[in-house]
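The values are calculated or read from the model by the stated rules, or taken from the named source; none is laboratory data. No experiment lies behind these values; they were computed from the predicted model shown. A quick note on method: Cβ atoms are made from the backbone with ideal geometry, for glycine too, and the neighbour counts reach across all protein chains shown.
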Amino acid sequence: MTDPRAVLNNPFKELGEIPEKKYRNGYIVESIYIPMRDGVNIAATICLPKGISPIEKIPTILTQTRYWRAKKLRIPFRWILDEIVTTTPNPEIITSRGYAFIITDVRGTGASLGTRNIPWSEEEVKDGSEIVDWIISQPWSDGNVVSKGISYAGTTAELITTINHSAIKAIILGHGVWDSYLDVVFPGGIYDNSFMQTWSFLGFNLDINNPKVFRQLLPSDWLFSKGVKPVDSDGNLNFLNEAIEKHKLNRYVHEHAKDRNYRDEALPDGTQYDDIIMNRQSRIEESNIPMLIWCSWYDSGYVDAVIHRFLNLTNPMIAILGDWNHGAASPANQFFSNRTAVTPSPNERINAFINFFDTCIYDDGIKEKVLHYYTMAEEEWKKTSVWPPKGHKYQRWYLTENLALSKEMPDKDIGENNYKINFRATTGRLNRWWTLLGQPISYKNRAKMDEKLLCYTSLPLEKNTEITGQIIACLYLKSTHEDGALFVYLEDVDEEGNVTYVTDGEFRVIHRKISSEEPPYKILIPYHTYKKEDSAPLIPGEITELKFGLHTTSVLIRKGHRIRIAIAGHDKDTFSRYPKDGRPTITISSNKMHASYIDLPIIEK
């Protein structure tokens with residue numbers, strides 16, 4: 001098999017080779033407070049190349065995080081490592097390439113003072129603007145600032161574009177949210193209870209400086225860390241203790257969302273889910289700041305966030321979709337589950353990203369939009385300037401009464417399959433949703449799990465078939481209950497019967513109404529508003545059309561393999577249960593009047 005790091009269109013290679021280091025003597029670290037307009041002090045850790053002369057001016061890479069910018073290390077680690085080394089693998093590379101690196105605790109977190117009600121508030125965005133002002137006033141600054149981050153910090157990097165500051169030249173957003181309601185909180189209208197509860201629990205303990213939380217969630221961090229690093233001048237910890245007291249007033253997403261169901265339900269400050277990114281779109285575009293966006297096919301709904309940015313934003317853009325976990329710490333390709341090393345390596349990746357920043361600061365930058373995507377099983381990088389890619393064509397596969405997938409439409413007047421919801425069905429705790437906590441991804445034992453599901457399987461394919469794009473499911477369904485959830489899995493079944501997970505989609509049935517309104521942003525799947533006024537409980541015993549999209553993917557199903565669609569009504573280790581009581585039986589229709597189907601986006605060769 002061709003080494004994926006060397007194949008044509010590999011975006012990390014296309015960003016250029018690693019140049020000679022500008023600075024070779026390491027870096028110096030300083031932690032300080034930067035005062036904000038309202039008196040709140042923001043903790044910042046500053047890394048500068050060691051040996052930089054007083055007359056030298058360099059650009060700055062800024063990261064704003066809610067996960068502790070730096071850690072107070074335990075003995076003996078503090079004797080051999082600095083406080084930022086466990087936070088990011090980047091400072092040595094960044095400073096050797098001729099950049100200052102600044103990482104801050106956002107307001108209400110870490111060693112920063114203040115409080116927070118919601119993530120990425122407008123106050124937090126304003127802080128970013130003032131931090132940029134502070135940076136360009138420093139004697140070592142050349143007046144150029146770029147911003148990067150992964151996950152939460154990736155979104156802070158994107159939102160810094162909304163201040164339209166002349167010093168900001170480019171941003172890199174890794175694994176970031178676009179539509180917070182659908183991408184992470186309520187995928188398909190179903191509450192992601194496990195992640196939201198765990199993330200809020202983690203955030204609370206981080207904010208009160210309790211490293212014991214790492215013992216179960218992130219044991220390696222617990223081994224290293226005694227807590228957040230105070231600023232250098234806070235020897236008696238007065239400021240840190242004050243910050244911790246302030247943080248006890250923070251509020252967390254789980255308490256906002258756990259009793260809500262609809263997209264238009266207000267958050268505590270009166271804003272809505274749409275206000276986080278989507279309603280800031282015009283401000284992002286007005287900046288025209290070049291963006292590098294990257295994520296994984298397997299990462300929650302954030303994979304769709306990449307597609308939606310590519311379709312909707314006018315900013316110059318490089319978008320990348322690969323096959324790793326959230327943050328690209330480990331490989332996640334389910335067709336090669338024995339891989340141990342992630343490609344590209346973290347060092348290769350950060351050097352490629354700095355090449356992008358160099359282009360935006362020292363050259364003409366990028367002018368167009370391009371999307372690089374990795375086709376799994378085929379193991380090739382591809383590049384496109386449009387989405388869906390050229391050659392894209394939908395191919396319809398029908399769900400038949402004999403549990404087959406067929407290109408032939410049913411011709412019988414009667415045909416259906418009953419399924420009593422199995423509330424023990426699960427994708428485990430290493431799935432695309434749990435990876436948001438930095439977990440590896442593994443969908444092992446799918447054949448065994450499929451025994452609990454309703455499965456439709458095709459005959460062996462007669463030729464290699466590439467599926468790339470937005471998959472759409474259309475199910476004609478009746479149920480014994482008014483409410484419920486559907487989980488639809490696309491799987492590959494090889495000649496020996498081994499089942500490999502490809503992607504999935506989830507949907508709460510009360511959101512079934514397809515809206516004729518203009519969506520808030522361009523999408524390629526049926527539009528459901530998820531608003532309370534459009535809620536439509538099922539009428540028990542009545543056939544209803546349910547049409548929704550799965551998470552986008554790119555995969556090669558090889559000749560001789562079979563395509564499987566597996567349907568569940570719950571994922572017990574991840575999502576809330578619908579309905580809360582009872583055990584529905586659903587009936588999938590497979591006849592000429594109500595022919596349930598799946599539309600697969602095929603790339604013709």
Can you tell me which residue among N422, N402 is over 35 Å from the mean Cα position of the chain (by Cα) and of a type in the set (S, T, N, Q)? N402
Consider region 204-231. How many of its residues are in contact with a Pro (Cβ under 9 Å, 6 or more places away or on another chain) and within 18 Å of K248 (Cα to Cα)? 3
Within region 42-73, how many residues turn out to be modelled with pLDDT of 95 or more, hydroxyl-bearing (S, T, Y) and within 22 Å of F239 (Cβ to Cβ)? 3
Among the listed residues V306, V342, V370, identify the single one that is among the aliphatic types (A, V, I, L, M), modelled with pLDDT of 90 or more, assigned to a loop (DSSP other than H, G, I, E, B) and on the phi < 0 side of the Ramachandran plot. V342
Could you go through region 166-185 and let me know if any residue there is closer than 19 Å to I34 by Cβ, crowded, with 20+ Cβ neighbours inside 10 Å and either in contact with a helix residue (DSSP H, G or I) (Cβ under 6 Å, 6 or more places away or on another chain) or not assigned by TED's automatic domain parsing to the domain that holds Q439 (or both). yes
Name the single residue, out of those in region 286-313 being closer than 27 Å to V145 by Cα and of a type in the set (F, W, Y), that is surrounded by the fewest Cβ atoms within 10 Å (Cβ to Cβ). F310
Any residue in region 566-582 that is hydrophobic (A, V, I, L, M, F, W, C), crowded, with 18+ Cβ neighbours inside 10 Å, touching a Ser or Thr at 6+ places or on another chain (Cβ under 6 Å) and in contact (Cβ under 8 Å) with a residue 60 or more places away in the chain? no
Condition test on L399, is it among the aliphatic types (A, V, I, L, M) and either closer than 30 Å to P59 by Cα or crowded, with 20+ Cβ neighbours inside 10 Å (or both)? yes
From the option list T553, T574, T587, single residue qualifying as in contact with a strand residue (DSSP E or B) (Cβ under 6 Å, 6 or more places away or on another chain), in the same structural domain as S406 (by TED's automatic domain parsing) and under 30 Å from L437 (Cβ atoms) is T553
Exactly one of G415, G391 is at pLDDT below 95 and either of a type outside the set (A, V, I, L, M) or in the same structural domain as P316 (by TED's automatic domain parsing) (or both), and that residue is G391
Quick check on my filter: what residues within region 350-366 are aromatic (F, W, Y) and surrounded by 18 or more Cβ atoms within 10 Å (Cβ to Cβ)? F353, F356, F357
From the set of residues in region 583-605 that are of a type outside the set (V, I, T) and under 25 Å from the mean Cα position of the chain (by Cα), which is surrounded by the most Cβ atoms within 10 Å (Cβ to Cβ)? L600
Can you tell me how many residues in region 480-498 are more than 24 Å from the chain's Cα centre (by Cα) and buried (at least 23 other Cβ atoms within 10 Å of the Cβ)? 1
Residue list for region 347-401, filter: small (G, A, S) and either under 22 Å from E17 (Cβ atoms) or without any contact (Cβ under 8 Å) to a residue 24 or more places away in the chain (or both): A352, G365, S385
Only unsatisfied item for S300, checking (1) closer than 30 Å to I34 by Cα; (2) part of a loop (DSSP other than H, G, I, E, B), is (1)
Scan region 432-453 residue by residue and report those that are closer than 22 Å to W199 by Cα and of a type in the set (S, T, N, Q). T435, Q439, S442
Here's a check for you: in region 133-147, which residue that is of a type in the set (A, V, I, L, M, F, W, C) and assigned to a helix (DSSP H, G or I) is surrounded by the most Cβ atoms within 10 Å (Cβ to Cβ)? I135
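Each row is one residue, and each column tells you yes or no for (1) assigned to a strand (DSSP E or B); (2) surrounded by fewer than 24 Cβ atoms within 10 Å (Cβ to Cβ); (3) not assigned by TED's automatic domain parsing to the domain that holds G149.
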position: T60; (1), (2), (3): yes, no, no
position: I75; (1), (2), (3): no, yes, no
position: D82; (1), (2), (3): no, yes, no
position: A111; (1), (2), (3): no, no, no
position: R116; (1), (2), (3): no, yes, no
Does V228 fit the bill of being under 16 Å from A43 (Cβ atoms) and among the β-branched types (V, I, T)? yes
Selected residue (only one of E491, E495 is of a type in the set (D, E, K, R), out of contact with any strand residue (DSSP E or B) (no Cβ under 8 Å at 6 or more places or on another chain) and at pLDDT 95 or above): E495
Filtering region 430-463 down to residues that are over 30 Å from K420 (Cβ atoms), among the hydrophobic types (A, V, I, L, M, F, W, C) and buried (at least 16 other Cβ atoms within 10 Å of the Cβ) yields L436, L437
Out of S458, S479, report the one residue that is more than 17 Å from L405 (Cα to Cα) and either touching a Ser or Thr at 6+ places or on another chain (Cβ under 6 Å) or in contact (Cβ under 8 Å) with a residue 12 or more places away in the chain (or both). S479
Unmet requirement for Y398, which otherwise passes all of (1) touching a Phe, Trp or Tyr at 6+ places or on another chain (Cβ under 9 Å); (2) assigned to a loop (DSSP other than H, G, I, E, B): (2)
Within region 186-214, residues being buried (at least 19 other Cβ atoms within 10 Å of the Cβ), in a helix (DSSP H, G or I) and touching a Ser or Thr at 6+ places or on another chain (Cβ under 6 Å) number 3
Pick from N236, N261, N241: which is assigned to a loop (DSSP other than H, G, I, E, B) and modelled with pLDDT of 95 or more? N236
Scan region 418-431 and give yes if some residue there is over 30 Å from S194 (Cβ atoms) and in contact (Cβ under 8 Å) with a residue 12 or more places away in the chain, otherwise no. no
